[in-house]
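Comments concern the structure below.
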Amino acid sequence: MRAVEVAASGRYEVLIGSGLLGRAGELVRQVLPNAEKIAVISESTVWPLYGEALCRSLEGAGYEIAVRCVLPAGEESKNGMSFLKILNSMAEGRLTRSDAAVALGGGMVGDITGFAAASYLRGIACVQIPTTLLAAVDSSVGGKTAIDLAVGKNLAGAFCQPARVICDPDALSTLPADIFTDGCAEVIKYGVLRDSALFAHLEERGGDFDLEYVLERCVSIKRDYVCADEFDNGERRQLNLGHTLGHAVEAASNFELSHGKSVAVGLAVVARAAAARGICSGECAARIVSLLEKFGLPVKTDLPMDALYTHMLSDKKRLGGTVNIIVPEEIGRCRVLPLAVEAARDFMEAGF
């Protein structure tokens, strides 16, 4: 078992290892010894695979499963109605401040469960059990929780560091190939951001990469950003590499294009734009685009720029009249490029 410690406002560990899902009760009890009731939140694809097994493990550790809330699978469930459904379920289950929520699923489940945990009784503990590659390497770590609003993604939320993250690579083995590939966009992002060796490993191995090594490296990189800038006011903004345009692509497609594929498009566009502006070399941009293509990820979109620009203006990372675009300088090093909103459109168009 590998463990990555995150020393944020709440100190916790991200545990990575085969078979950990079956030990969830024991692992939760280690960090929440006084909790009595658990709200398990999942979604309709994951629950039939792992839901009852998780509940048995938690019950074996002496917990009462007060809430079993299974949302319809998909980003569309990350909304205010689902959020209130979870809160009402917690209230009906009589959870107290010493009790906890457990998120079993991908990024949608982790985000909405974390936000509900942060809101219910002004805050109860939350344990994240990611079952997708994307959630394992990114959204389950760092404490960002949210729901989507009609105007855009993740516009209502809270910072809520988990009490523990339990990542069982065996749970990823049941992912459809398309969903696993989705998470590879975030993995590639981490290589571009801060780890040229990770990027080279992905170039060499393609989809046959060392899963536990990749999970640990990505989580460790994110840990470093979170510990340096927990509340996303500075260095942590670099984790949004590919996301400013990616979220716009996702929203403009009415979420028909998944998060990972949208981020891949955003990453490719920003790499080409950075090369066009002389921020990185053409070789650097070509390697990024080539690796995305190697993993079967899209590197362009036919969505109209007017629609993308409109959604970019609603991005939560916008500060007044400024949009912060994360740009690569070389593989393993990026920086924040503040642009006026009008200039951001011109910059992105240079990458199309």
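Using only DSSP helix segments of four residues or longer, with each worth -39500 (n - 2.57), what per-residue ellipticity at 222 nm results for the chain after dividing by its residue count and rounding to 500?
Numbers: 13 runs with 152 residues, N = 352.
Computed mean residue ellipticity for the chain: -13500 deg cm²/dmol.
So what's the net charge close to Arg68: Lys and Arg +1, Asp and Glu -1, counting the other residues with Cβ under 14 Å from its Cβ?
Details: positive: Lys37, Arg56, Lys85; negative: Glu43, Glu52, Glu59, Glu64, Glu92.
Here the count lands on -2.
Length available on full extension from Phe231 to Ala197: 0.36 nm per residue minus the Cα-Cα distance, which gives 9.4 nm. Summary value for the chain: 15 percent relative contact order, contacts being C-alpha pairs under 8 angstrom separated by 6+ residues. In terms of surrounding Cβ atoms within a 10 Å radius of their Cβ, Arg23, Arg287, Arg97 rank from fewest to most as Arg97, Arg23, Arg287. The packing ranking, built from the mean of other Cβ atoms within 10 Å per residue, places the peptides 322-328, 83-89 in the order 322-328, 83-89, highest first. Remark on Lys300: its backbone amide H falls under 5 Å from none of the residues 5 or more positions apart or on other chains, H modelled at 1.01 Å from N. Quick check: from the Cα gyration tensor, does the range 1-141 come out rounded (a/c under 1.5), prolate or oblate? Rounded, since a/c falls under 1.5. Between amide H atoms placed 1.01 Å from N, distances below 5 Å from Leu149 occur with Asn154, Leu155, Ala156, all of them 5 or more places distant or on a separate chain. May I ask for the distance between the Cα centers of the range 1-71 and the range 159-179, given as a whole number of Å? When both Cα centres are located, 11 Å separates them. Quantify how much of the Cα-Cα distance distribution of the range 1-55 extends past 15 Å, in percent. Cα-Cα pairs of the range 1-55 separated by over 15 Å account for 60 percent. For the residue pairs Lys37/Lys189; Lys222/Lys300; Lys78/Lys300; Lys85/Lys144; Lys85/Lys300, alpha carbon separations beyond 28 Å are given by Lys37/Lys189; Lys85/Lys300. As a rough guide to protection, the peptides 295-304, 45-54 ranked by mean Cβ packing within 10 Å, highest first, stand as 45-54, 295-304. When a/c is below 1.5 the answer is rounded, else prolate if a/b is larger than b/c, else oblate, so apply that to the range 51-97 with a ≥ b ≥ c taken from the square roots of the Cα gyration tensor eigenvalues. Oblate. Footprinting exposure proxy ranking of Thr131, Thr96, fewest other C-beta atoms within 10 angstrom first, gives Thr96, Thr131.
Report relative contact order for the range 2-172 in percent, whole number only (criteria: Cα-Cα under 8 Å, sequence separation at least 6). Display every interim value, and only then the final one.
Numbers: 377 pairs, mean separation 45.4, N = 171.
Result for the range 2-172 is 27 percent.
Within the chain, helices built from complete DSSP H runs that reach 24 Å or longer along their own axis (Cα positions) and carry a mean Kyte-Doolittle hydropathy of 1.0 or higher are 259-276. The length gained by stretching the chain between Leu49 and Arg333 to full extension, at 0.36 nm per residue less their Cα-Cα distance, is 98.3 nm.
We did not get these values from a lab; they are worked out from the coordinates using the rules stated. Model, not experiment: these values are computed from the prediction. Please note: Cβ atoms are built from the backbone with ideal geometry, for glycine as well, and neighbour counts cover all protein chains shown.
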